[in-house]
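Trainee: Dropping the structure in here first, questions after.
The values are calculated or read from the model by the stated rules, or taken from the named source; none is laboratory data. Computed from a predicted structure; not experimentally measured. All Cβ positions, even for glycine, are placed from backbone atoms using ideal geometry, and neighbour counts span all protein chains on display. Side chains included, ligands, DNA and RNA excluded: accessible areas come from the protein's heavy atoms. Shrake-Rupley method; radii C 1.70, N 1.55, O 1.52, S 1.80 Å.
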Amino acid sequence: HSKVPCEIFEQLMDRSEKESYFESQTSGSVYDPLIDEDAVCCICNDGECSNSNVILFCDMCNLAVHQDCYGVPFIPEGQWLCRRCLNSPSKPVDCVLCPSKAGAFKQTECNRWVHVLCALWVPEVHFSNPVFLEPIDSINEIPAARWKLTCYICRRREGACIQCVRTNCYTAFHVTCAQQAGLHMKIETYQDEAGNSTVKNVAFCDIHTPADSDVTPLIRRVNDESDAEEGKKVKRKSILLDKKLQQKLKKKFSCEAGANAPIVNIPHINEDKMDEILNLVDIDDKEEFFERLKAYWTLKRQARNGVPLLRRLQVSHTRTHTMADEETVDKDQLVKCQRLRHDLERARLLVELIRKREKRKKEQLKVAQHLMEMELCPLSYILNRTLDLIFARDTEELFHEPVNADEVFCYLYRATILLK
């Protein structure tokens, strides 16, 4: 087989992408990623969002996160990938602080991986950049005792656990295990004695869940009554109330996410366009070459969950609005622009009125200052006023530096005549 230059191969891939895109536009089979409208953020477990804090979906793993929770201050244009899919798309990653292999990851300063949720709840861990929430640092500041704790939910001694905040309760659990088990986990804000606002993470085990909590734990511990009757030491054992938690924990520790992967539309090109593309290369067995090219191209698209390889096609690729929806969006934007212009005009008029008010206040202040000087130091005010008039008459600045009358004859006489 003859070699195909890199430039020709790149041209073939580019042409294939474009033809596949035009084919999908013509047939109406545009790739639409499966987005759950009832999805919740995997970090805060909340589905509410606003215009400034929307829920983003990773185009590769379909991860759902809030902008503020994951550190994305600006909504990206076109394709958006989470940090795990961007930096390690084919290799599964492990969290340093828990055994879970799913969720929203960020990297540490030493290129290790940590859940954003774990970094928020483990007290010794911090973010170097509080806006972008990366990189994660201070992992080495976690005490050795925290690494030795055993999670009472998954019964594993891996990573770093947190403990129940109830006094004299030392129940330990992973942050991700607690979220999956539905434990009471809240970030509360309170004021200290100095009046400063302080944020505190509050997490309870299933026994000490507050009575007014809005969550119901999926796990609870009960006392073994048979042992208590015989006078033996009472032991606690964990009982799962719902099978959902068992399924969640199994899925959580599995690195295979094939069941959660969105359906991928494999690119397709009709035969006529295929012949045109084959004419761009001069080799012996064109059909076999194109089959290999198509196989490579299909694998690349599958690895990206059907997202186009060309970035300039990703913007059009993610547009799923109909024409009616686009017109509605344009009208809404026009109304918002008109309202914004009206508000800016009102703000301009208000600023102009403030400028005039401050100018009058300045004039009134000068008048009050003159009146005060005349009442307190009338002679000084009159002398200063006289000097100002004298300087105004001396346009050539001849008498700014007066000399001795002995040096210049009739100096005072000439000055008197000039003042008259």
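Trainee: Examine the range 159-166 for a residue that is in a strand (DSSP E or B), touching a strand residue (DSSP E or B) at 6+ places or on another chain (Cβ under 7 Å) and buried (at least 18 other Cβ atoms within 10 Å of the Cβ), and state whether such a residue exists.
Mentor: yes
Trainee: Just the residues that are at pLDDT 85 or above and aliphatic (A, V, I, L, M), please, taken from the range 29-52.
Mentor: Correct list: V40, I43.
Trainee: Please state which of the following conditions A119 fails to meet, knowing it meets all the rest: (1) in a helix (DSSP H, G or I); (2) out of contact with any Phe, Trp or Tyr (no Cβ under 7 Å at 6 or more places or on another chain).
Mentor: (2)
Trainee: Checking the condition among the hydrophobic types (A, V, I, L, M, F, W, C), at pLDDT 90 or above and surrounded by 11 or more Cβ atoms within 10 Å (Cβ to Cβ), which residue from L249, L183 passes?
Mentor: Only one candidate qualifies: L183.
Trainee: When you look at C118, is it more than 18 Å from N201 (Cβ to Cβ) and of a type outside the set (V, I, T), yes or no?
Mentor: No; evaluated as a whole, the condition is false for this residue.
Trainee: Can you confirm whether G78 is open to solvent by less than 30 Å² (accessible area, probe 1.4 Å) and part of a loop (DSSP other than H, G, I, E, B)?
Mentor: yes
Trainee: Out of the residues in the range 319-347 that are at pLDDT below 55 and under 26 Å from the mean Cα position of the chain (by Cα), which is most open to solvent (accessible area, probe 1.4 Å)?
Mentor: Out of the qualifying residues, it is R319.
Trainee: For the range 100-148, give me each residue that is open to solvent by 20 Å² or more (accessible area, probe 1.4 Å) and among the β-branched types (V, I, T).
Mentor: Selection gives V131, I139.
Trainee: Can I ask one more? How about the range 104-155: which of its residues are farther than 23 Å from V199 by Cα and small (G, A, S)?
Mentor: Correct list: A144, A145.
Trainee: Residues of the range 193-218 being farther than 24 Å from I139 by Cβ and open to solvent by 60 Å² or more (accessible area, probe 1.4 Å), which ones?
Mentor: Within the range 193-218, E193, A194, N196, S197, I207, A211, D212, D214, T216 qualify.
Trainee: Exactly one of (1) hydrophobic (A, V, I, L, M, F, W, C); (2) open to solvent by 70 Å² or more (accessible area, probe 1.4 Å); (3) at pLDDT 90 or above is unmet by A178. Its number?
Mentor: In the conditions (1) hydrophobic (A, V, I, L, M, F, W, C); (2) open to solvent by 70 Å² or more (accessible area, probe 1.4 Å); (3) at pLDDT 90 or above, A178 misses (2) alone.
Trainee: Still on this model: Please determine, by comparing only the residues of the range 290-315 that are at pLDDT 70 or above and open to solvent by less than 40 Å² (accessible area, probe 1.4 Å), which one is nearest to M60 (Cα to Cα).
Mentor: Checking each candidate, the answer is R301.
Trainee: Here is a list: C169, C177. Which entry is touching a Leu at 6+ places or on another chain (Cβ under 9 Å) and either under 29 Å from F105 (Cβ atoms) or part of a loop (DSSP other than H, G, I, E, B) (or both)?
Mentor: The unique qualifying residue is C177.
Trainee: So, one more: Given the residues C169, C151, which is the only one that is touching a helix residue (DSSP H, G or I) at 6+ places or on another chain (Cβ under 9 Å) and open to solvent by less than 50 Å² (accessible area, probe 1.4 Å)?
Mentor: C151
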